[in-house]
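Trainee: Just dropping this structure here.
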Amino acid sequence: MSYLLTATCAVPAAGAVVTAALPAGNSEARRRTTKAVALAVSAATLALTAVVAARFEPGGPRYQLTESHSWIRSFGISFSLGVDGIGAVLVLLTAVLVPLVMLASWHDSDPAPAPEGSFEAKRRTQGFFALILAVEAMVLVSFLATDVFVFYVFFEAMLIPMYFLIGGFGDRAGGPDAGKQRSYAAVKFLLYNLLGGLVMLAAVIGLYVVAADQDLATFDLPTLTNAIADGKLAIDPTAEKALFLGFFFAFAVKAPLWPLHTWLPNAMGESTAGTAVLITAVVDKVGTFAMLRYCLGLFPDASKTFAPAILVLSLIGIVYGALVAIGQKDIKRLVAYASISHFGFIIMGIFALTSQGQTGATLYMVNHGISTAAWMLVAGFLISRRGSRLIADYGGVQKVAPVLAGTFLIGGLATLSLPGMAPFVSEFLVLVGTFSRYPAIGIAATFGIVLAALYALLLYQRTMTGPVKPRMEGMPDLKVRELAVVAPLVALTLLLGVYPKPLTDMVNPAVDATLSQVHQTDPAPAHPVAATTGGEHE
Amino acid sequence: MNPVNYLYLSALLFTIGASGVLIRRNAIVLFMCVELMLNASNLALVTFSRMHGNLDGQIIAFFTMVVAAAEVVVGLAIIVSIFRTRHTASVDDSNLMKL
Amino acid sequence: MNSLIPLLVAVPLAGAALLLLGGRALDRFGHWLGTLAAAGSFGIGLVLFAEMLGRPTDQRPVREFLYSWIPVNGFQADVAFQLDQLSMTFVLLITGVGTLIHVYSTGYMAHDERRRRFFGYLNLFLAAMLLLVLADNYLLLYVGWEGVGLASYLLIGFWQHKPSAATAAKKAFIVNRVGDLGLSIAIMLMFVEFGSFAFGPVFGAADDASEGKLTAIGLMLLLAACGKSAQVPLQSWLGDAMEGPTPVSALIHAATMVTAGVYLITRSSAIFDLAPDAQTAVVAVGTVTLLFGAIVGCAKDDIKKALAGSTMSQIGYMVLAAGLGPIGYVFAIMHLVTHGFFKAGLFLGAGSVMHGMNDEVNMRHYGGLRKYMPVTFATFGLGYLAIIGFPGLSGFFSKDKIIEAAFSKGGTEGWILGLCALVGAAVTAFYMTRVMMMTFFGEKRWQPDPETGEEPHPHESPKVMTLPMVVLAVGSVFAGALFTYGDAFLKWLEPVTGFEEGHPPIPAAAVTVLTTVCMLAGVGLAYTMYGRTRVPVTPPVGSALTRAARRDLLQDDFNHAVLVRPGSALAATLVWFDSRGLDGFVNGLAATIGGVSGRLRRVQTGFVRTYALSMFGGTLVLVATTLLMRSV
């Protein structure tokens, strides 16, 4: 048994503790030490996940590098980890984004004018970076856990550091009541997700009771899903539906799915750009990931029953999110609503129950993470320069800061899924996958791509083009640190758009396994032609 | 003698104790009333034990006595400390819990 | 030597990447680098062309597989290129005309501080368009398709500091996106129907599919073509696209972008041939647009917008021809190529005029320029003769064939189409003569610059600008004759698109005579109105039709009333609903819970006896309930 996965999760966790314990103080030197330590820890985590990805064999068994440590034996709970193709790409996404988020938020935690000697002034930086590392550790465990209970614990525990990140660190661009708005956002985030978590807890216990009744007193995911697939564990249909809804509700809040989304714009709008990226690009992905792994694997029949209803909700989310984004006055809230629209696509791909849809949804999670991070972080750089989140305060930025404007445009183009960029691949797969089973919903969802072009380009037009607005002259262009954040994201967006095969090779087997758990096969074409793989008819 | 009579006596004592708790203000008296209630229930327990011919009731009565003794220790300590700070033994004066 | 094909795309793409990422170090010679990339691509195209000519007809198409792009079970998208005669024609047109426009731009954009970026975008434009015509499957074509949209967005909005340019760029992209919707739905339909979206397999299996499915695919492809080729109802972006620098207009209108729709329809001939209803729709769109564009072209005073209307109309001819099936495909493409020459020449000429006239675009402020700009006048004049179909010039041959094919459609339909095409020819002659008269003839109506008060001093443009115009003028004169000599173009393209001899109800010679008569009538009318009479500096009020045509036949007003206003109202309503409705519900719930808790809090009086009483009461209730339940 290798300890690689445990190590991958333990490094950021230990890093969080170390960072939090670093000597306090408001001097520039102390802050810089803190930041360097945290960044080094996240880089080490990235290196470990790279090893995980390299050791992962796409053709091998579903869960690899598995390890299991006994935890609460009487309830059949063990700390088991394992990685499948879907988990692997999301782990990579997390590990790539966290160092970039740290680099982007380099100065966001520098003390605001706070009373000298207060906790605020003394331990802010340590707190901020420790919280980010804590979130990373918990997200990694959630992606790697193969035990339902372990997953639940970390899925919920993530809320604690996130709550403090949202409530404690703002972007300093809000109005006079920014503090009030921020704590409102933090509490709203917490309450929504806690409610979802509680419902899920009930369902987790319910699942255990049902399984224990049939002499399967365990939380081990592979055991449970195999037993369900073999028919050894037969859950009464009504109970299955209830349990499915319990799990799904928690994930739908986290994802977020319309109409459970309203916490997201507040949370993303009030927190720092880095935190906003953590929320939408990393933490929320646990929700959609869990739908794919837990909802479908544990409750295949209920998933099929509810799939049409969920597809309709996600379709509403796509169109609704895009339309509301068009009407936003606040840059960060606009990005948040755009994300809601994108999460609609992800959930749609998952519940279309086709291999194109689910591979597309998985790629979508990765690509949305990368492209939204680029878009949001550049928006954050812009906001930090002018000290306002209002679109109306900007204009003509491309004249004074062309590189900033250019990267912002690239982020926007990625968000609207321009072909050649990564999001296009995933969005088209989701659309094709949905269309092949539910043509009407597939066609309706394509309208989302027109709306996406509208909000992305309107935002660019209003902020970047036209005459230079007052208080914009002399606005500095992107600094080296900021370029170092954006450049890898842009490069990844292009690379994964042109050559996504490494990812699809990883994801495909896991998706096939998921679909076979649900007993679904892709609809066959009406008049199939010979497969056209790799230049066969050359 | 009919054991049911003991139950009547126990009920009477319990009622007296309960009314005392509800009516009196002095903390010490209140305390004694609580003791009265506890002992009333002890009497009932012992009686039941006798009526049903097993020892469960008596055992529980012992537990009650131990708990009552512990309660006296903690309770009197609280009362004394309240008396020291507020110079009164009336329970109506200690209503800081109200918001 | 198939490995040259990817280079066609790679060279301009590398040029674009270099120019956009290179930084200021490349400012001094960046424009020549971009031109070199375009010319390099053209050179590769010529080599491939020579090779292709050297092979027997049935071995001319080649396919080049690069790598597997998106493999997901049944869904197999490859990056693979296909170079056949149709693609070859486009490659040469795109790179050839594109290179000339690059050369021209080195002069036109000489004083723009962001010139390097401009050439980067131009290279990107070429790369995207080449990818579009070289792709061997619809999904890769889609990449080029939207790449063209992106490049046009960047170029139309090149002068972003002007709000009108930024708006026009966004509008072009969005309207194109609506068309893209059609392309993506068509690809999805193909995937569901055939399990593939590569040209070869889909066209091979098209026979098996039901006509309904094919019609649906065809209509969706038509929607896509409408967006890119500015056909009714998605034509509104083309006029506004004139906000971009003039070489961009030349590029969009002649070599790239708007020709993409015609390419798509011709490429998908196997589908359209089996879906007559979709073909009818294509023909209808083409016919309506050719008249629409022509009418708009008559009313515009802005020289570039008049030419834009003309493009719309000429592309309408091509779409019409493409919709006619095998009798028209070849002529659609032939007209596309000849149009590429003369329209590029006309736009570059217009740019040259603007260059000499302080960027003035209003033709009412021109007049008598032929003496001051002789080369521009001569090249523009030859382009003019070509577009109106003056006998012997290139437009004559290609347009005449299309009108003939329209008559050959047969029945009432054929007559209607033929007559519409004839009317279109007359109107084309009218508005182009109008442009010619107002610009180069008549008295000077020059106006001082409204800001600086500077009088215009028209002068001929530098050699680097006039040279491409001359080359294009030569092409406009001879291309048509060259193509029809021995049916060379027909024989070249027939293996790809197929060909059927059309049988017009009236003799072909009569069609030619009719076309020429219509053309002369149009010229004559315009000469009377704008050559013989004075042109007022301020436009007359005009008839209702003129006023509508000046506003692009109210297309923007329509879009605004039907789409934009309800759309933004909907967005505003949803924003309100989100914060007041959904969030209001949640906040209301929270407030209710808070209120109830506030009430309940009062029960806690702080008196020990109250608590004791509630305890006793509770016990009493419990005991009573238990007893009651027992007794029942």
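Trainee: Give me the residue from segment C:141-163 that is out of contact with any Lys or Arg (no Cβ under 8 Å at 6 or more places or on another chain), open to solvent by 10 Å² or more (accessible area, probe 1.4 Å) and modelled with pLDDT of 90 or more and, out of that set, nearest to the other protein chains (Cβ to nearest Cβ).
Mentor: C:V143
Trainee: Further, regarding this structure: With the requirement that a residue be within 10 Å of another protein chain (Cβ to nearest Cβ), farther than 15 Å from B:A18 by Cβ and open to solvent by less than 50 Å² (accessible area, probe 1.4 Å), what does segment C:599-632 give you?
Mentor: C:T605, C:G606
Trainee: Tell me which helices (runs of 4 or more DSSP H) are completely within segment C:270-370 and hold 1 or more residues being in contact with a Cys (Cβ under 7 Å, 6 or more places away or on another chain) and among the hydroxyl-bearing types (S, T, Y), or say none if there are none.
Mentor: Details: elements: C:276-299, C:303-323, C:329-356.
Helices (runs of 4 or more DSSP H) meeting the threshold: C:276-299.
Trainee: Could you tell me which residue of segment A:17-47 is surrounded by the fewest Cβ atoms within 10 Å (Cβ to Cβ), considering only residues that are touching a Pro at 6+ places or on another chain (Cβ under 8 Å) and of a type in the set (A, V, I, L, M, F, W, C)?
Mentor: The qualifying residue surrounded by the fewest Cβ atoms within 10 Å (Cβ to Cβ) is A:A43.
Trainee: Just give me the residues in segment C:241-269 being within 12 Å of the chain's Cα centre (by Cα), part of a helix (DSSP H, G or I) and not aliphatic (A, V, I, L, M), in sequence order.
Mentor: C:S249, C:H253, C:T259, C:G261, C:Y263 - these are the residues of segment C:241-269 that are within 12 Å of the chain's Cα centre (by Cα), part of a helix (DSSP H, G or I) and not aliphatic (A, V, I, L, M).
Trainee: With C:S461, C:S476 as the choices, which residue is open to solvent by less than 30 Å² (accessible area, probe 1.4 Å) and under 23 Å from C:M318 (Cβ atoms)? Please lay out each step first, then the result.
Mentor: On the way: C:S461 fails: under 23 Å from C:M318 (Cβ atoms).
Just a single option satisfies the conditions, and that option is C:S476.
Trainee: Given A:I346, A:I370, A:I340, which one is assigned to a helix (DSSP H, G or I), buried (at least 24 other Cβ atoms within 10 Å of the Cβ), in contact with a Pro (Cβ under 8 Å, 6 or more places away or on another chain) and among the hydrophobic types (A, V, I, L, M, F, W, C)? Write out each step before concluding.
Mentor: Numbers: A:I346 fails: in contact with a Pro (Cβ under 8 Å, 6 or more places away or on another chain); A:I370 fails: in contact with a Pro (Cβ under 8 Å, 6 or more places away or on another chain).
Of the residues listed, the single one that is assigned to a helix (DSSP H, G or I), buried (at least 24 other Cβ atoms within 10 Å of the Cβ), in contact with a Pro (Cβ under 8 Å, 6 or more places away or on another chain) and among the hydrophobic types (A, V, I, L, M, F, W, C) is A:I340.
Trainee: Keeping to segment A:50-68, report how many residues are free of Cβ contacts under 8 Å to residues at least 60 places away in the same chain and not small (G, A, S).
Mentor: 6
Trainee: Among the residues of segment C:164-207, how many are buried (at least 20 other Cβ atoms within 10 Å of the Cβ), among the hydroxyl-bearing types (S, T, Y), assigned to a helix (DSSP H, G or I) and in contact (Cβ under 8 Å) with a residue 60 or more places away in the chain?
Mentor: Of the residues in segment C:164-207, 0 are buried (at least 20 other Cβ atoms within 10 Å of the Cβ), among the hydroxyl-bearing types (S, T, Y), assigned to a helix (DSSP H, G or I) and in contact (Cβ under 8 Å) with a residue 60 or more places away in the chain.
Trainee: Check whether at least one residue in segment B:56-71 is within 14 Å of chain C (Cβ to nearest Cβ) and open to solvent by 60 Å² or more (accessible area, probe 1.4 Å), and report yes or no. I'd like the intermediate steps shown before the answer.
Mentor: Taking segment B:56-71 and keeping what is within 14 Å of chain C (Cβ to nearest Cβ), we get none.
Scanning segment B:56-71, I find no residue that is within 14 Å of chain C (Cβ to nearest Cβ) and open to solvent by 60 Å² or more (accessible area, probe 1.4 Å), so the answer is no.
Trainee: Something else: Going through C:A549, C:A569 one at a time, which residue ends up being farther than 30 Å from C:K300 by Cα and part of a helix (DSSP H, G or I)? Write out each step before concluding.
Mentor: Working: C:A549 fails: farther than 30 Å from C:K300 by Cα.
None of the other options fit; the residue is C:A569.
Trainee: Further question on the same structure: Given the criterion surrounded by fewer than 19 Cβ atoms within 10 Å (Cβ to Cβ) and without any contact (Cβ under 8 Å) to a residue 12 or more places away in the chain, identify the matching residue among C:D487, C:D449. Please lay out each step first, then the result.
Mentor: Numbers: C:D449 fails: without any contact (Cβ under 8 Å) to a residue 12 or more places away in the chain.
From the options C:D487, C:D449, the qualifying one is C:D487.
Trainee: Of all the residues that make up segment C:578-623, how many are under 57 Å from the mean Cα position of the chain (by Cα) and of a type outside the set (G, A, S)?
Mentor: We begin by selecting, within segment C:578-623, every residue under 57 Å from the mean Cα position of the chain (by Cα); these are C:578-592.
Add one more test, that the residue is of a type outside the set (G, A, S), and what stays is C:578, C:580, C:582-583, C:585-587, C:589, C:592.
Counting residues in segment C:578-623 that are under 57 Å from the mean Cα position of the chain (by Cα) and of a type outside the set (G, A, S) gives 9.
Trainee: Return the only residue of A:A242, A:A185, A:A211 being touching a strand residue (DSSP E or B) at 6+ places or on another chain (Cβ under 9 Å) and outside any loop (DSSP other than H, G, I, E, B).
Mentor: Working: A:A242 fails: touching a strand residue (DSSP E or B) at 6+ places or on another chain (Cβ under 9 Å); A:A211 fails: touching a strand residue (DSSP E or B) at 6+ places or on another chain (Cβ under 9 Å).
Every option except A:A185 fails the conditions.
Trainee: Considering only residues that are more than 31 Å from the chain's Cα centre (by Cα) and assigned to a helix (DSSP H, G or I), look in segment C:486-513 and name the one that is farthest from C:F430 (Cα to Cα). Walk me through how you get there before you give the answer.
Mentor: So the first thing to find is which residues in segment C:486-513 are more than 31 Å from the chain's Cα centre (by Cα), and the list is C:486, C:503-510, C:513.
Next, from what is left, pick out any that are assigned to a helix (DSSP H, G or I): C:486, C:508-510, C:513.
Details: C:G486: 32, C:A508: 24, C:A509: 23, C:A510: 21, C:V513: 18 Å.
Among those that are more than 31 Å from the chain's Cα centre (by Cα) and assigned to a helix (DSSP H, G or I), it is C:G486.
Trainee: Only one of A:V529, A:V511 is within 12 Å of chain C (Cβ to nearest Cβ) and in contact (Cβ under 8 Å) with a residue 12 or more places away in the chain. Can you tell me which? Before you say what the answer is, go through the steps one by one.
Mentor: Values: A:V529 fails: in contact (Cβ under 8 Å) with a residue 12 or more places away in the chain.
Only one candidate passes the filter, namely A:V511.
Quick grid of which residues meet (1) within 11 Å of chain C (Cβ to nearest Cβ); (2) open to solvent by 10 Å² or more (accessible area, probe 1.4 Å):
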{"site": "A:T362", "(1), (2)": "yes, no"}
{"site": "A:V378", "(1), (2)": "no, no"}
{"site": "A:G387", "(1), (2)": "no, yes"}
{"site": "A:V403", "(1), (2)": "yes, yes"}
{"site": "A:L409", "(1), (2)": "yes, yes"}
{"site": "A:S417", "(1), (2)": "yes, no"}
{"site": "A:S426", "(1), (2)": "yes, no"}
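Trainee: Right, next: Yes or no: C:M52 assigned to a helix (DSSP H, G or I), more than 21 Å from C:T256 (Cα to Cα) and among the aliphatic types (A, V, I, L, M)? Talk me through it step by step, then tell me what you get.
Mentor: Working: assigned to a helix (DSSP H, G or I): yes; more than 21 Å from C:T256 (Cα to Cα): yes; among the aliphatic types (A, V, I, L, M): yes.
Against the criterion (assigned to a helix (DSSP H, G or I), more than 21 Å from C:T256 (Cα to Cα) and among the aliphatic types (A, V, I, L, M)), C:M52 qualifies.
Trainee: Please go through segment B:19-36 and give me each residue that is open to solvent by less than 40 Å² (accessible area, probe 1.4 Å) and either closer than 13 Å to C:V608 by Cα or of a type in the set (S, T, N, Q) (or both), ordered by number.
Mentor: Result: B:G20, B:V21, B:A27, B:L30, B:F31.
Trainee: Find all pairs meeting these conditions: Cβ atoms under 9 angstrom apart; at least six residues apart or on different chains; first residue within segment C:53-80 and free of Cβ contacts under 8 Å to residues at least 12 places away in the same chain and more than 7 Å from chain A (Cβ to nearest Cβ); second residue in a strand (DSSP E or B) and open to solvent by 20 Å² or more (accessible area, probe 1.4 Å).
Mentor: Close Cβ pairs satisfying both conditions: C:R55/C:V62.
Trainee: Of these, A:L81, A:L22, A:L39, A:L100, which one is over 20 Å from A:F129 (Cβ atoms) and either in contact with a His (Cβ under 7 Å, 6 or more places away or on another chain) or of a type in the set (A, V, I, L, M) (or both)?
Mentor: Values: A:L22 fails: over 20 Å from A:F129 (Cβ atoms); A:L39 fails: over 20 Å from A:F129 (Cβ atoms); A:L100 fails: over 20 Å from A:F129 (Cβ atoms).
Sole residue among the options that is over 20 Å from A:F129 (Cβ atoms) and either in contact with a His (Cβ under 7 Å, 6 or more places away or on another chain) or of a type in the set (A, V, I, L, M) (or both): A:L81.
Trainee: Let me ask another. For C:G542, indicate whether it is in contact (Cβ under 8 Å) with a residue 24 or more places away in the chain, closer than 30 Å to C:A299 by Cα, loosely packed, with under 13 Cβ neighbours inside 10 Å and not basic (K, R).
Mentor: Details: in contact (Cβ under 8 Å) with a residue 24 or more places away in the chain: yes; closer than 30 Å to C:A299 by Cα: yes; loosely packed, with under 13 Cβ neighbours inside 10 Å: yes; not basic (K, R): yes.
When the stated conditions are applied, C:G542 passes them.
Trainee: Here's another thing I want to ask about it. If we keep just the residues of segment A:428-446 that are more than 7 Å from every other protein chain (Cβ to nearest Cβ) and over 22 Å from C:D78 (Cα atoms), which is least open to solvent (accessible area, probe 1.4 Å)?
Mentor: A:A445
Trainee: Here's another thing I want to ask about it. Looking at segment C:8-48 only, could you name the residues that are of a type in the set (F, W, Y) and buried (at least 17 other Cβ atoms within 10 Å of the Cβ)? Working first, answer last.
Mentor: Quick first cut of segment C:8-48, residues of a type in the set (F, W, Y) only: C:29, C:32, C:42.
Across segment C:8-48, the qualifying residue is only C:F42.
Trainee: What's the total number of residues in segment A:389-399 that are among the aliphatic types (A, V, I, L, M) and open to solvent by less than 30 Å² (accessible area, probe 1.4 Å)?
Mentor: Initial filter on segment A:389-399 (among the aliphatic types (A, V, I, L, M)): A:390-392, A:397.
Adding the requirement that they be open to solvent by less than 30 Å² (accessible area, probe 1.4 Å) leaves A:391, A:397.
Selection size over segment A:389-399: 2.
Trainee: Only one residue in C:I271, C:I265 is within 14 Å of chain A (Cβ to nearest Cβ) and under 21 Å from C:I315 (Cβ atoms), so which one is that?
Mentor: On the way: C:I265 fails: within 14 Å of chain A (Cβ to nearest Cβ).
Every option except C:I271 fails the conditions.
Trainee: Next question, about the same structure. Does at least one position in segment C:98-109 carry a residue that is within 22 Å of the chain's Cα centre (by Cα), among the β-branched types (V, I, T), more than 11 Å from every other protein chain (Cβ to nearest Cβ) and assigned to a helix (DSSP H, G or I)?
Mentor: As a first pass, look at segment C:98-109 and keep what is within 22 Å of the chain's Cα centre (by Cα): C:98-102, C:104-105.
Narrowing further to those that are among the β-branched types (V, I, T): C:99, C:101.
Within this subset, residues satisfying the condition of being more than 11 Å from every other protein chain (Cβ to nearest Cβ) are C:99, C:101.
From the residues that got through so far, the ones that are assigned to a helix (DSSP H, G or I) too are C:99, C:101.
Yes.
Trainee: Moving on. Give segment C:181-195 a look and list any residue that's within 18 Å of C:G144 (Cβ to Cβ) and more than 7 Å from chain A (Cβ to nearest Cβ), or say none.
Mentor: Result: C:G182, C:L183, C:A186, C:I187, C:M190.
Trainee: Another one. Restricting the search to segment C:228-260, which residues are buried (at least 24 other Cβ atoms within 10 Å of the Cβ) and closer than 20 Å to C:T280 by Cβ?
Mentor: Listed by number, the residues that qualify are C:S229, C:Q231, C:L234, C:Q235.
The values are calculated or read from the model by the stated rules, or taken from the named source; none is laboratory data. The structure displayed is predicted, hence computed values, not measured ones. All Cβ positions, glycine included, derive from the backbone under ideal geometry; neighbour counts span all protein chains shown. The area values use the complete protein model at the heavy-atom level, side chains included, leaving out ligands, DNA and RNA. Shrake-Rupley method; radii C 1.70, N 1.55, O 1.52, S 1.80 Å.
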